[in-house]
Amino acid sequence: MTDANLLLQKDGALATITFNNPKALNALTVATFYGMETLLDELEQDADVRVVILTGAGDKAFIAGGDICHLGTLDADGAREFALLAQRVIDRIEAFPKPVIAAINGYALGGGCELAMGCDVRIAADSAKFGQPEVKLGIIPGFAGTQRLARLVGKGKAKELVFTGEMIGAEEACRIGLVNRVVARDRLLEEARAMALKMCDNSASAIKFAKDAIDNGLEMDFAHGARYEADLFALCFTTADCKEGISAFMEKRLAKF
Ligand code: DAK
């Protein structure tokens, strides 16, 4: 199932997915999540694509949350089903074997903030705003936001954001570690692409293993995480990229990955 509200643009090694329903501030529907799964399947298979950028259409929003219009129709079973679908897709983004950069062009609220937190790197426009306003609707974050937010910014700050439901600006989001960097709105995509291209210069297999080590190792205790890292480090030595990278250094030339 695809969704008309998702746009895919490929430009060499970079693929950009745009959430494109600006009239509803790019709110996420069931169809959007299924559409994302279809696009991620395609981009995972496409060997030319090395980095994925996610952004929102229009000037106001990255994603202003899950589609609130659907909320009123839900019973508890439907709510759990939707939350599990959203979690599955955001987990897929997090475990995607290529880097995923969120270029946050405006509101990243509720499910929008949760989706951004599943990305590897978050670059925010200076006009972006972040928040988990679910308690204002009588619900809690359901797309694993309570888990990712606390891991990213710490338990106390996560509780403050979730319990007050208040928005914070991009600079504060950066200060607390919710976003990596803040840039001028009109330079957002340029900066995201520039970072993506730096990643493209490096070994895709090494980045895939590094992502795996950081994400999965962080869920283990230190000793097991370090052991897991050693296993992935060993796997690097089975790759052509490792041979090329080391040969290039010895031959005083740039590696071609
Ligand atoms: N869902 C649906 N429509 C939304 C929306 C959303 N999350 N956010 C904004 N819109 C729509 C508005 O209703 C409005 O539509 P029209 O009235 O023009 O038809 C249009 O986008 C423009 O919004 P505003 O007129 O409100 O624009 P403002 O600049 O005045 O305000 C705002 C911007 C971001 C402060 C405001 O729109 C706002 O507070 N939005 C809601 C933020 C929020 O609470 N997000 C959701 C958190 S809860 C599920 C479905 C959904 C969810 C979970 C499960 N199932 C189906 C199971 C939701 C989870 C969440 O994310």
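The values are calculated or read from the model by the stated rules, or taken from the named source; none is laboratory data. Just so you know, these numbers come straight off a predicted model, no measurement behind them. Ideal geometry is used to build each Cβ from the backbone, glycine not excepted, and the neighbour counts take in all protein chains shown. Heads up: the accessible areas ignore ligands, DNA and RNA and are worked out on the full protein's heavy atoms, side chains in. Shrake-Rupley method; radii C 1.70, N 1.55, O 1.52, S 1.80 Å.
Quick notes
- Percent of Cα-Cα distances greater than 29 Å, calculated over the chain: 32 percent
- Phi to ³J(HN,Hα) by Karplus 6.51 cos²θ - 1.76 cosθ + 1.60 over the stretch 56-71, Hz, x for Gly, Pro: x, 7, x, 8, 8, 9, 6, 8, 8, x, x, 6, 5, 4, 7, 5
- Semi-axis lengths, largest first, of the ellipsoid equivalent to the stretch 1-145 are 24, 17, 13 Å, with √(5λ) applied to each eigenvalue of the Cα gyration tensor.
- Heavy-atom surface of the chain, accessible at 1.4 Å and reported per residue (Å²): 52 Å²
- Those GluC sites (Glu not before Pro) in the stretch 117-188 that DSSP places in a loop and that have at most 16 other beta carbons within 10 Å: E166
- Over the stretch 186-227, the fraction of Cα-Cα pairs per 10 Å bin, rounded to whole percents and listed from the shortest bin up, is 26, 32, 28, 13, 1.
- 28 Å Cα-Cα threshold exceeded, pairs from K98/K129; K10/K155; K10/K211; K208/K256; K60/K159; K60/K256: K10/K155; K60/K256
- Cα coordinate range in the stretch 95-146, projected on the principal axes (Å, largest first): 36, 27, 10
- Measuring nothing but protein heavy atoms, the accessible surface of the chain at 1.4 Å probe radius is 57 percent carbon and sulfur.
- Point-charge dipole on Cβ atoms (K/R +1, D/E -1) for the chain, about Cα centre, debye to 20: 640 debye
- In this structure, the amide hydrogen of G56, modeled 1.01 Å from its nitrogen in the peptide plane, lies closer than 5 angstrom to those of F19, N105, counting only residues at least 5 positions away or on a different chain.
- Residues R187 and K155, FRET efficiency given R0 of 35 Å [Cβ-Cβ distance, rounded to 0.05]: 0.55
- Share antiparallel - DSSP beta bridges, the chain, percent rounded to 5: 25 percent
- Shown in residue order for the stretch 179-185 are the 3J(HN,Hα) couplings computed by the Karplus curve 6.51 cos²θ - 1.76 cosθ + 1.60 at θ = phi - 60°: 10, 7, 7, 10, 9, 4, 3 Hz (x for Gly and Pro).
- Beta bridges per DSSP with both ends in the stretch 1-143, % antiparallel, nearest 5: 25 percent
- Integer Hz, Karplus 6.51/-1.76/1.60 couplings in order for the stretch 19-29, x for Gly and Pro: 6, 10, 9, x, 4, 10, 6, 6, 4, 8, 10
- Only one residue of M220, V179, L71 has its Cα farthest out toward the positive end of the dipole of the chain, where Lys and Arg carry +1 and Asp and Glu -1 on Cβ, and that residue is V179.
- Largest-first principal axis extents, alpha carbons of the stretch 148-257, Å: 56, 41, 15
- Fully extended contour minus Cα-Cα distance, from L74 to D221, at 0.36 nm per residue: 49.1 nm
- Distance between the 7 Å Cα→Cβ label points at D46 and L254: 2.4 nm.
- The trypsin sites (Lys or Arg not before Pro) found in the stretch 1-88 that occupy coil by DSSP, while having at most 16 further C-beta atoms within 10 Å, are K60.
- Positive minus negative residues near G154 (Lys, Arg vs Asp, Glu; Cβ under 15 Å): +4
- When restricted to Cα atoms, the stretch 82-229 yields an Rg and a Dmax of 15.6, 46 Å, respectively.
- Structure-based [θ]222 nm, the chain - -39500 (n - 2.57) summed over DSSP H runs of at least 4, per residue, nearest 500: -15000 deg cm²/dmol
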